[in-house]
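Peer 1: Take this structure, written in structure tokens, and hold onto it; I'll ask about it next.
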Amino acid sequence: MATTKVTDPHDLLVHKLAVMLTTERQIERMLPTLEKEAHDDELRQGFQRHLEETQRHVRNLEQAFGVLGQEPHGTKAPAIEGLEAQHKGFASAAADDVLPDVLDSVAVSSAAATEHHEIAAYEGIITLAKGLGLSGVAETLQENLDDERQMLEDVRRIA
């Protein structure tokens, strides 16, 4: 993973895009596990659908890098690492005879926390892009933000 030296707002945008690219790629790797862990069919289907959306999010982020004349690259994303560790901790604390509803509640809780993080991150990136006059980048990432907000609503409904 590349490290972006931040000296101005443009560099900050590139850095934030790199963090989000790592975040989305990590989520892309986590979603099949969440899908397998889910017992509720609607929850399982939500994770399947969100995997497809996440793959599109990665492409949108790569496109944003291209608009900025940058090669797409990731960088350390401590927040998503923490959220993943938190989920694994909850899941491993479950007893062998835990009820499936409890495991689904763990998955829903993890999904909600992740969506909140992504929403906040995309809002910040979009605001920065607009401030830099990069409306094309902002519009592309708005698609990701809209998907994240919809997924959070879906998670709330499923819960």
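Peer 1: Could you please let me know if Asp11 is over 14 Å from the mean Cα position of the chain (by Cα), in a helix (DSSP H, G or I) and within 20 Å of Asp154 (Cβ to Cβ)?
Peer 2: Against the criterion (over 14 Å from the mean Cα position of the chain (by Cα), in a helix (DSSP H, G or I) and within 20 Å of Asp154 (Cβ to Cβ)), Asp11 does not qualify.
Peer 1: Return the residues of segment 18-34 that are touching a His at 6+ places or on another chain (Cβ under 9 Å) and not polar (S, T, N, Q); say none if nothing qualifies.
Peer 2: Ala18, Met20, Leu21, Glu24, Ile27, Glu28, Met30, Leu31, Leu34
Peer 1: Considering only residues that are in a helix (DSSP H, G or I) and modelled with pLDDT of 90 or more, which ones fall in segment 73-95?
Peer 2: Once the filter is applied, which keeps residues that are in a helix (DSSP H, G or I) and modelled with pLDDT of 90 or more, segment 73-95 yields Pro78, Ala79, Ile80, Glu81, Gly82.
Residue by residue, here is whether (1) small (Gly, Ala, Ser); (2) surrounded by fewer than 17 Cβ atoms within 10 Å (Cβ to Cβ) holds:
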| residue | (1), (2) |
| --- | --- |
| His73 | no, yes |
| Ile80 | no, no |
| Ala91 | yes, yes |
| Pro100 | no, yes |
| Glu118 | no, no |
| Tyr122 | no, no |
| Gly136 | yes, yes |
| Gln150 | no, yes |
| Asp154 | no, no |
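Peer 1: Return yes or no: is Phe65 among the aromatic types (Phe, Trp, Tyr), part of a helix (DSSP H, G or I) and more than 25 Å from Lys16 (Cα to Cα)?
Peer 2: So Phe65 does not fit the description; no.
Peer 1: Of the numbered conditions (1) within 21 Å of Ala159 (Cα to Cα); (2) open to solvent by 40 Å² or more (accessible area, probe 1.4 Å); (3) under 19 Å from the mean Cα position of the chain (by Cα), Asp41 satisfies every one except a single condition; which is it?
Peer 2: (3)
Peer 1: Please work out which one of (1) open to solvent by less than 80 Å² (accessible area, probe 1.4 Å); (2) farther than 25 Å from Ala38 by Cβ; (3) more than 13 Å from the chain's Cα centre (by Cα); (4) not charged (D, E, K, R) is the condition Thr127 fails and give its number.
Peer 2: Single failed check for Thr127: (1).
Peer 1: Just the residues that are open to solvent by 60 Å² or more (accessible area, probe 1.4 Å) and either closer than 13 Å to Asp104 by Cα or touching a residue at least 12 places away in the same chain (Cβ under 8 Å) (or both), please, taken from segment 13-38.
Peer 2: Keep residues of segment 13-38 that are open to solvent by 60 Å² or more (accessible area, probe 1.4 Å), which gives 16, 25, 29, 33, 36-37.
Of everything in segment 13-38, those that are open to solvent by 60 Å² or more (accessible area, probe 1.4 Å) and either closer than 13 Å to Asp104 by Cα or touching a residue at least 12 places away in the same chain (Cβ under 8 Å) (or both) turn out to be Lys16, Arg25, Thr33, Lys36, Glu37.
Peer 1: Still on this structure: Starting from segment 132-159, keep only residues that are without any contact (Cβ under 8 Å) to a residue 24 or more places away in the chain, then list their pairs with residues that are assigned to a helix (DSSP H, G or I) and surrounded by fewer than 17 Cβ atoms within 10 Å (Cβ to Cβ) whose Cβ atoms are within a distance under 8 Å, requiring at least 6 positions of separation or different chains.
Peer 2: Ala138/Lys130
Peer 1: Looking at segment 1-8, is at least one residue open to solvent by 70 Å² or more (accessible area, probe 1.4 Å) and either under 22 Å from Ala111 (Cα atoms) or in a helix (DSSP H, G or I) (or both)?
Peer 2: No, because not a single residue in segment 1-8 is open to solvent by 70 Å² or more (accessible area, probe 1.4 Å) and either under 22 Å from Ala111 (Cα atoms) or in a helix (DSSP H, G or I) (or both).
Peer 1: Here is a follow-up. Say whether the condition of being in a helix (DSSP H, G or I), among the polar types (S, T, N, Q) and at pLDDT below 95 is met by at least one residue in segment 96-109.
Peer 2: Initial filter on segment 96-109 (in a helix (DSSP H, G or I)): 100-109.
Add one more test, that the residue is among the polar types (S, T, N, Q), and what stays is 105, 109.
Narrowing the set further to residues that are at pLDDT below 95 leaves 105, 109.
Taking every residue of segment 96-109 in turn, at least one turns out to be in a helix (DSSP H, G or I), among the polar types (S, T, N, Q) and at pLDDT below 95.
The values are calculated or read from the model by the stated rules, or taken from the named source; none is laboratory data. Quick caveat: nothing in here was measured; it's all calculated off a predicted structure. Backbone-built Cβ (ideal geometry, glycine too); neighbour counts: all protein chains shown. Accessible surface is based on the protein model in full, side chains and every heavy atom, while ligands, DNA and RNA are left aside. Shrake-Rupley method; radii C 1.70, N 1.55, O 1.52, S 1.80 Å.
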